[in-house]
Every structure is written in C-alpha cells, then in structure tokens.
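S.K.: Let me give you the structure first, and then I'll get to my questions.
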Amino acid sequence: MALNEAALDIAVTDDASIGAPSANSYNPIPTENKRPKFVVLDDYYTAPDNTKYRPGVWYFGLKAGSDEKPAMLTSFWVCSPLHVDAVTHDEADNNYGRLLRFTNGRGHWKQWAMPMELLKSDGADLRGTLLSMGMQLDQSSNGRQLLAKFLQNQSPTKFIQATLQTGWATSDCKAFALPDCVIGPKASNVTFQAQALHADEYTQRGTLEGWKQIIAAPAVGNPILVLSLCAAFAGPVLALAGVESGGVHLIGDSSTGKTTALQAACSVWGGESYRRSWRATANGLEGAASLFNDSLLALDEISECDPRDVGEVIYMLGNGRGKQRASRTGTARNVTRWRSSVLSTGERSIAASMMEAGQRVKAGQSVRLLDIPVQRTYGAWDDLHNYANGPAFSDAIKRAAHQQYGTAGRAFLEKLARDGSNLNAKFEAIKVQLLEGIASGDGQPARAAARLAVLALAGELATAYGITGWEEGEAIKAARVGFGAWMGQRGNVSGNMEQQQIVQAVLDFIDRHGDSRFSDVAGPYDDKQQSMVRDRAGWWEGTGDGVQYLFTSVGMREAVTGFDFNRALKCLEQAGLLTYGSDGKASRTKRIHSRNVRVYVVTPNACPRD
C-alpha cells in the first residue's frame, strides 16, 4: 500500500460515543473525499455497513482506480490506541518530543514522552520501546511506515517542558521529575523524557507508615543507620542548600552491617534494583549519576572498582559533569550533568583504594567522599532494638528494605517542593554546631562539616515533615558522630590535609632515597662517587641544626608527584621545610662542584615526624 503523502490528512478521533455497535449516527470512518486519514478508535466500533473495527490507530486510504476499475477504499490497523497530547521540549528549546498516551496489552492507559530523535532511520528503537511498554504494533513494512508518519505529522497545540533526567526540573525547585511522575506544585507543566525506560529504580512497595515502623524506627540510637537514611534524603536538598555532589564512604570489615545501612538508604527511593556497584566503569558511573540526579547514588563495595579509576570517579561525581564527547558529525555533544548525594561502602578507605594503584588521595577527593569507619558497639550498630545480636538486627533491616520501599522519598518531595523556609540559614546553623571545638574553621574540616551538615539538614527536614518519626535533633546527633569518626580516621588533626600529605610525601622520599640518590655536597666529585648515585635527586649538607637536602628540580617534582608543583612548594614553605632564596624564589643557586645549580633547600628537622 503506497502512501499518498501529499494528500495525507492526519486526524485523531477519541470521541466518547465511539464504542460497541449502536444506532448512534456518528461515524468516524472517513468517506472517500476525506481520505487518506488517520483515526484513533479507543474502543470497538461497528460501522453502518456492519464492518467491525478493533481499537487502535487506523489508516483509511484510497487506492487509485482506472477507467475500467473504480477507486478502492482501504483500511489498515497500525497499532493499539495511541494519542499525541503535547509537544515537548527542554528549557533550552531543544530535545523536542511528543507526549504519548496509549493502552498496553492489559487495556491500561500509559503515558510516555517520546524523543523525536527515535523516529530517525527505521524507528526500530522507538518500536522496541513501545512494545516493551505493552503496545501492540503491526510489524509489517506498511505498519512501520504508517506509525512513523502518524507520529511525525501530529501537531498538538499544547506545549510542555521536558526534563531529560530525574531531579528538579525547574530552577525554583517546584517540580521534581521521576521516571513515572512529576512531583510538586508545578508538576503539571513538566514531563520526564528519556530514550530508555527506567522502570526498576524508583519503584514502590508498602506504605509510608510501614516504612517508618520497620526501617526508620529501628534507626533511632544507631547513628550510622540514621546517617545513611539522611544521605538518601539529602539528594533533593543539595540544590536548595547550594551544595555540590558528594557524600560519605562507610568503611568496615565484611558482615559489619555497612551494606545493610546502604540497603536501608535505598529503601527511601526504591527497591533492590536501586543500588549500584562500584564494579561499573567510570563511564557507567557517569550514566548512573545522571539517573540519580538530585537523589541518592548508592555504590556498594569499592574493592570491585579498578583502583586506577577510583580517584577519577570521585572527582567526576563531585564535579557533577561527565566527559566532553563528540557526535558523529564532529560537534560537541551535550555534557551530562548531575548533582547527587553519594553513599558508598567498602572494606577499605578511599586512600587505601587509590594507593593500590600507586596513587595518592588528594584533599579535594577526601572531602568529596568522606571516609567514615563503621566501628560501633555491634559492628555498625549501637542499639539492637531487642534483637539477639548484630547479624540478627542486620537481617531484620534487610528484610524490611525488601518489604517497604519507595514511599518515603516521594512523601519527602511533596513537602520539600512546597517548603518556603530559609534552608540556607538552617544549613549554616548545623555546620556551626558540627565545627564546635575545632581549632580551625577553614580547610578540610570545614568542608567535611558542610558535607555532613547537608545530610543532617535533610534528616531534620524529613523529621519535621513527619516522614521519619524521629525526635528533633536525631539527624544532627548522627552527623556529629560521623564528623567525629571522620576526624579520627584522618588522625584527628586540624588544618590543611593537602599540606600534610605534601610534607609527608617529601619526608617519605628522603627516607627512601636519602642514601642512594643524594650525596654529600662537600664530598669528592669523582667517577666513583658518581657511580654510587644513580638517578640523582640532589645532595645533602650538614648544618649546625642537622642536615639539609638540596633537591634538583627533577628530584623535587618526583617527590611531590600527584600534586600541583607550585602549590606543593608553597605548602612546604608554610610548613617550614622549604627555605626560599633572597630573590623570593623557591629555588636558589648553589655552587656545587665548580658549577652553579638551582636547588630546593629542604630541612627535614623543621617538621616533627609522626
């Protein structure tokens, strides 16, 4: 059947009068002079000539006749009932689509925002997606062509904003998009649009009251569990508090309960399929972060990630943007962006994971994902709530997370999207509380306190909204415990962690290579001495206060590998290890064996050893 595209008339009929055979005078079947034409029948219809039509999109055509043969009326069933209700597009007036409404194989109406780009080529991806959602399609060549033509030529007068990922869809945070719905006072103006279906992550089971009773209530008295639930609620709060992506990394031995805490956190938003694994590559994590934008990104067991990727992944998650890639035409694709609250688990810390690959954790990485040891009274727990032991309590929480999930997050969004209070002021107040007693209010402790403060804020909001059933202050207490554990993990020191790492790196370099890659600057300069020093990093000289090491430029750069070189020199100066020259430069000219050499003078005794 050839398509007469020039004369094609697209019309949709979903009149309530169309139904089973009746005497109704209304007849949706077009006459010869109204063809070709599409008609949508939502129910069975029997025409006046007793021709029966099943529900669906019908194409009524006209096969040209000849002098001997009159034109022939044709009809073709394309698919089950399908309506195009609106044109969709993003805030930048790109990524156009169509808001589809259709029935599945069980007769249930469904809605999906279809990206127009799925109509490219032969439309196989589009048909596959519709089939997976339960639509019935004619799979013949004619059926495929007619479906594409029907969708392409629909021009609804209604326009609606589409968001391409989960999370806040409006700049004022009044509409939050999930794959199956939009929540908030501006929800009617927004729809979620994506090429792939995401039906498994944000699922629901049970009730909010049930979740409160068997997951939130047992968390009381267990700061690790409370903190994990707070991390789940923190996702939507990040944008409101102006906080970037990041979170906490729970460290503990096997069977301590850290994964149980992660499962409980996932229950705020969905079931077992919500959780992700560190096993994914950096590119896979980028896609996961986009799916969990403004929500919780739960990553289990860091040991399953290639140690070489850990540092890059943490930076990428914290920066909230993916890699720049080119399209087939050579133009830059849109960069994936996100903002997520991250909850991670593992038997080793971020630093230990990176060290396995010969990498050194940087200060920026350590405060994006805070290492928090899980070392409580009973593994991860303090209050067993009448269970016999830690494993029994863990098993109960795991069972609960399989029975009650997905309701708390949606209830939280309903309240948060309508909350007009000053969340920034509350956030700052909590941060001040966490920093009480800390010598320095800047540097890494302040950034760590900010990270935990947003978790505490989210937990306190969930409590105020009636979501958790906790007493006021429970979330803040858990954040204090987390902050103390983080401080203990890093040696309970104040100040700049990056500076400490740089200083330690230089001292370690001297300890490893002081006898093999340095020689006495006052010693003989001959072939024997030269042969004893391989890959020279510098010289040493005795002073009244001990020994100074004169690093060559190559030696110094090697000692501070992994850090910005100029930043490292400043940190060494601030720590008192590096003496600047009279010209204000970090290196100075030293006469060594009848030649002038630029060296960096390091005095190890100026810094106390651990």
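S.K.: Of the numbered conditions (1) in a helix (DSSP H, G or I); (2) touching a helix residue (DSSP H, G or I) at 6+ places or on another chain (Cβ under 6 Å), residue 78 satisfies every one except a single condition; which is it?
M.R.: (1)
S.K.: Another one. Please enumerate the residues belonging to the stretch 531-577 that are out of contact with any strand residue (DSSP E or B) (no Cβ under 9 Å at 6 or more places or on another chain) and part of a loop (DSSP other than H, G, I, E, B).
M.R.: Within the stretch 531-577, 534, 535, 544, 545, 560, 561, 562, 563, 564, 575, 576 meet the criteria.
S.K.: Which residue is farthest from the chain's Cα centre (by Cα), if the candidates are limited to the stretch 534-573 and must be of a type in the set (Gly, Ala, Ser), under 18 Å from residue 593 (Cα atoms) and surrounded by 13 or more Cβ atoms within 10 Å (Cβ to Cβ)?
M.R.: As a first pass, look at the stretch 534-573 and keep what is of a type in the set (Gly, Ala, Ser): 537-538, 542, 544, 546, 553, 555, 559, 562, 568.
If we keep only those that are under 18 Å from residue 593 (Cα atoms) as well, we get 537-538, 542, 553.
With surrounded by 13 or more Cβ atoms within 10 Å (Cβ to Cβ) added as a condition, the list becomes 537-538, 553.
Details: 537: 43, 538: 46, 553: 41 Å.
So, considering only residues that are of a type in the set (Gly, Ala, Ser), under 18 Å from residue 593 (Cα atoms) and surrounded by 13 or more Cβ atoms within 10 Å (Cβ to Cβ), the one farthest from the chain's Cα centre (by Cα) is 538.
S.K.: Out of all the residues in the stretch 150-176, which are at pLDDT 95 or above and in a helix (DSSP H, G or I)?
M.R.: 150, 151, listed by residue number.
S.K.: Taking residue 272, is it acidic (Asp, Glu) and under 23 Å from residue 416 (Cβ atoms)?
M.R.: On the way: acidic (Asp, Glu): yes; under 23 Å from residue 416 (Cβ atoms): no.
When the stated conditions are applied, residue 272 does not pass them.
S.K.: Of everything in the stretch 228-245 that's touching a strand residue (DSSP E or B) at 6+ places or on another chain (Cβ under 7 Å) and more than 20 Å from residue 392 (Cβ to Cβ), which residue is surrounded by the fewest Cβ atoms within 10 Å (Cβ to Cβ)?
M.R.: Our first condition is that a residue be touching a strand residue (DSSP E or B) at 6+ places or on another chain (Cβ under 7 Å); within the stretch 228-245, this holds for 228, 231-232, 234-236, 238-239, 245.
Applying the additional criterion that residues be more than 20 Å from residue 392 (Cβ to Cβ) yields 231-232, 234-236, 238-239, 245.
Numbers: 231: 30, 232: 28, 234: 34, 235: 31, 236: 26, 238: 24, 239: 16, 245: 23.
Residue satisfying both the conditions and the ranking: 239.
S.K.: Something else about it: Could you list all residues from the stretch 246-261 that are surrounded by fewer than 24 Cβ atoms within 10 Å (Cβ to Cβ) and either assigned to a helix (DSSP H, G or I) or in contact with a Phe, Trp or Tyr (Cβ under 6 Å, 6 or more places away or on another chain) (or both)?
M.R.: Answer for the stretch 246-261, where residues must be surrounded by fewer than 24 Cβ atoms within 10 Å (Cβ to Cβ) and either assigned to a helix (DSSP H, G or I) or in contact with a Phe, Trp or Tyr (Cβ under 6 Å, 6 or more places away or on another chain) (or both): just 259.
S.K.: What residue, of 99, 131, is in contact with a strand residue (DSSP E or B) (Cβ under 8 Å, 6 or more places away or on another chain) and either buried (at least 16 other Cβ atoms within 10 Å of the Cβ) or assigned to a loop (DSSP other than H, G, I, E, B) (or both)?
M.R.: On the way: 131 fails: either buried (at least 16 other Cβ atoms within 10 Å of the Cβ) or assigned to a loop (DSSP other than H, G, I, E, B) (or both).
Being in contact with a strand residue (DSSP E or B) (Cβ under 8 Å, 6 or more places away or on another chain) and either buried (at least 16 other Cβ atoms within 10 Å of the Cβ) or assigned to a loop (DSSP other than H, G, I, E, B) (or both) holds for just one of 99, 131, which is 99.
S.K.: Where residues in the stretch 357-390 are surrounded by fewer than 17 Cβ atoms within 10 Å (Cβ to Cβ) and over 25 Å from the mean Cα position of the chain (by Cα), which of them is modelled with the lowest pLDDT?
M.R.: 358
S.K.: It is to be established whether one or more residues within the stretch 158-169 are in contact (Cβ under 8 Å) with a residue 40 or more places away in the chain, of a type outside the set (Lys, Arg), crowded, with 16+ Cβ neighbours inside 10 Å and farther than 19 Å from residue 181 by Cα. So that I can check it myself, show each step before the final result.
M.R.: The initial filter retains those residues of the stretch 158-169 that are in contact (Cβ under 8 Å) with a residue 40 or more places away in the chain, namely 158-168.
Filter once more, so that each one left must be of a type outside the set (Lys, Arg): 159-168.
From the residues that got through so far, the ones that are crowded, with 16+ Cβ neighbours inside 10 Å too are 160-168.
With farther than 19 Å from residue 181 by Cα added as a condition, the list becomes none.
Checked the stretch 158-169: no residue is in contact (Cβ under 8 Å) with a residue 40 or more places away in the chain, of a type outside the set (Lys, Arg), crowded, with 16+ Cβ neighbours inside 10 Å and farther than 19 Å from residue 181 by Cα.
S.K.: In addition: From the residues in the stretch 347-396 that are of a type in the set (Lys, Arg) and not in a helix (DSSP H, G or I), which one is farthest from residue 504 (Cα to Cα)?
M.R.: By that ranking, first place goes to 376.
S.K.: If I go through the stretch 46-72 residue by residue, how many of them are basic (Lys, Arg), closer than 30 Å to residue 108 by Cα and not in a strand (DSSP E or B)? I'd like the intermediate steps shown before the answer.
M.R.: Of all residues in the stretch 46-72, those basic (Lys, Arg) come to 52, 54, 63, 69.
This time we only want the ones that are closer than 30 Å to residue 108 by Cα, so: 52, 54.
In the following step, the residues that additionally are not in a strand (DSSP E or B) were identified as 54.
Total satisfying the criteria: 1.
The values are calculated or read from the model by the stated rules, or taken from the named source; none is laboratory data. Computed from a predicted model, the values in this text were never measured in an experiment. With ideal geometry, Cβ positions are generated from the backbone for all residues, glycine too; neighbour counts draw on all protein chains shown.
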